[in-house]
Amino acid sequence: MVKVNEYYTRIGNNYLFSEVARRVREYKAAHPGERVISLGIGDVTREIAPVVIEAIQAATREMASPDTMRGYPPEAGYDFLVEAILEHDFLARGVRLSADEVFVSDGAKSDTGNIGDILGEDNRVAITDPAYPVYVDTNVMAGRRVELLPCLPGDGFFPPFPARPADVIYLCYPNNPTGTTLTREQLKTWVDYAIEHRSLILFDAAYEAFISEPDVPHSIYEVEGARQVAIEFRSFSKTAGFTGLRCAYTIVPKELMATTSTGETLSLNALWRRHQATKFNGTAYIIQRGAAAIYTLEGQRQIRAVIDYYMQNARIIKQGLERLGLTVYGGINAPYLWVKTPGDLTSWEFFDRLLTEARVVGTPGSGFGKAGEGFFRFTAFGKREETLEAIERVKDLF
Ligand code: MLT
């Protein structure tokens, strides 16, 4: 008889965003004709930048000829994309990385979810609470014990250091879901912690393109010493609207080492390469051509205009809700607004009220962890008209 991985019984039946989608589907089925506005999952709504479309079309035409068609892509990405990443995302910020430290992939969700495959089961893992659910779920699936680090408004959502030294620490900045950030100085305290305790920081920087303030680092490698202790995840999903195209990358510096139970030291870069070579067959050529196009001057101009559009949505939501007397965090360096629910409504109660009385969907804060209870997340990735209308509907509700 087949045995299951019993750790799966320790996670809920539904992934957070699937559960939200299920409730919305049920509501819509029971109320046909009602128009529901979704500011729930952080999915993009603007059209893909013209430079990306043109690059994908040109690459698709290459596929139509035996002389220029491409088969399996290199597992860690084509040189043209890797070189563009190194130059624009890192060298331009004073960070020197080498090509064999970049691993192009199909998404930061897969990478943050799969990275645990190369880490031992007995690592002590610390994860901020609230957090992107993938971090906790994938560690529970792997049978690891997780210490949650409650990030609270009174501390500016700064994560407390673990009660017991952690081997692996997940940090996401700009933060999903709170929309808050760490300054360079604050991030340095975590890098110093990791150096002192020989821990590994898994740094999710999927939202770095939304940073507007100068003292907020875009990469953890802007902090001295981080190369020895951190893996960084980046994504084209939100930066350039690739949620449906799928492209991301992960940086694994060659200095990063981990030990076996017998004390042998192994390179995490080599292990991740081995992992990807075995479990991943590369990101499609045409998609990587599309991703590389964002690094041209025109590409930068086009994606910046879209990011500005979303951040204008963020201002609209923030100001609209603040006028109603609600307390709102985030929305300045991130496309997420983290709102204290009114009165003593729980996150799911607020979700239900918004859905049934205003026909507006957001994401319940408690879905991101216990410390998210009593909060609610709105995304700035909606269409402008719908964002404006959603705020009007919430106003009417009050
Ligand atoms: C979110 O809404 O948190 C994100 O869209 C989820 C994701 O990037 O997978």
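Observations on the model:
Residue-wise test of (1) acidic (Asp, Glu); (2) within 25 Å of Arg35 (Cβ to Cβ); (3) in contact with a strand residue (DSSP E or B) (Cβ under 9 Å, 6 or more places away or on another chain).
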{"site": "Gly343", "(1), (2), (3)": "no, no, no"}
{"site": "Val361", "(1), (2), (3)": "no, yes, yes"}
{"site": "Phe375", "(1), (2), (3)": "no, no, yes"}
{"site": "Phe378", "(1), (2), (3)": "no, yes, yes"}
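- Boolean, Ala166 is in a loop (DSSP other than H, G, I, E, B), aliphatic (A, V, I, L, M) and within 16 Å of the ligand (Cβ to nearest atom): no
- Looking only at the stretch 301-311, and only at residues there that are over 18 Å from Leu39 (Cα atoms) and touching a residue at least 12 places away in the same chain (Cβ under 8 Å), the one that is nearest to the chain's Cα centre (by Cα): Ile303
- Strands (runs of 3 or more DSSP E) fully within the stretch 43-162 counting 1 or more residues that are over 26 Å from Arg198 (Cα atoms): 102-105
- Any chance Arg315 is surrounded by fewer than 16 Cβ atoms within 10 Å (Cβ to Cβ) and out of contact with any Cys (no Cβ under 7 Å at 6 or more places or on another chain): yes
- Any hit, the stretch 1-15, residues being touching a residue at least 24 places away in the same chain (Cβ under 8 Å), crowded, with 17+ Cβ neighbours inside 10 Å and within 16 Å of the ligand (Cβ to nearest atom): no
- Number of the condition not met by Asn333 [criteria: (1) of a type in the set (S, T, N, Q); (2) buried (at least 16 other Cβ atoms within 10 Å of the Cβ); (3) out of contact with any Phe, Trp or Tyr (no Cβ under 7 Å at 6 or more places or on another chain)]: (3)
- Matching residues in the stretch 169-186 - criterion: being buried (at least 23 other Cβ atoms within 10 Å of the Cβ) and not in a loop (DSSP other than H, G, I, E, B): Ile169, Tyr170, Leu171, Cys172
- Reported count of residues in the stretch 160-176, each being more than 17 Å from Gly113 (Cβ to Cβ) and within 12 Å of the chain's Cα centre (by Cα), is 3.
- The single residue among Ser267, Ser235, Ser261 that is within 16 Å of the ligand (Cβ to nearest atom) and hydroxyl-bearing (Ser, Thr, Tyr) turns out to be Ser235.
- Within the stretch 41-75, the set of residues being of a type in the set (Val, Ile, Thr), within 18 Å of Thr296 (Cα to Cα) and surrounded by fewer than 15 Cβ atoms within 10 Å (Cβ to Cβ) comprises Ile53 only.
- Restricting Ala230, Ala226, Ala194 to residues that are within 20 Å of Thr259 (Cα to Cα), more than 12 Å from the ligand (Cβ to nearest atom) and either in contact with a Phe, Trp or Tyr (Cβ under 7 Å, 6 or more places away or on another chain) or not assigned by TED's automatic domain parsing to the domain that holds Pro153 (or both) narrows the list to Ala230.
- Glu357 being of a type in the set (Asp, Glu) and touching a helix residue (DSSP H, G or I) at 6+ places or on another chain (Cβ under 7 Å): yes
- Residue that is farthest from the ligand (Cβ to nearest atom), among those in the stretch 94-145 that are of a type in the set (Lys, Arg) and buried (at least 19 other Cβ atoms within 10 Å of the Cβ): Arg144
- Residues that are more than 16 Å from the ligand (Cβ to nearest atom), without any contact (Cβ under 8 Å) to a residue 60 or more places away in the chain and not polar (S, T, N, Q) are absent from the stretch 48-58 altogether.
- Among the residues listed as Ala334, Ala293, Ala380, Ala314, the single one being touching a residue at least 24 places away in the same chain (Cβ under 8 Å) and touching an Asp or Glu at 6+ places or on another chain (Cβ under 8 Å): Ala293
The values are calculated or read from the model by the stated rules, or taken from the named source; none is laboratory data. Quick caveat: nothing in here was measured; it's all calculated off a predicted structure. Cβ sites come from the backbone with ideal geometry, for glycine too, and all protein chains shown count toward neighbours.
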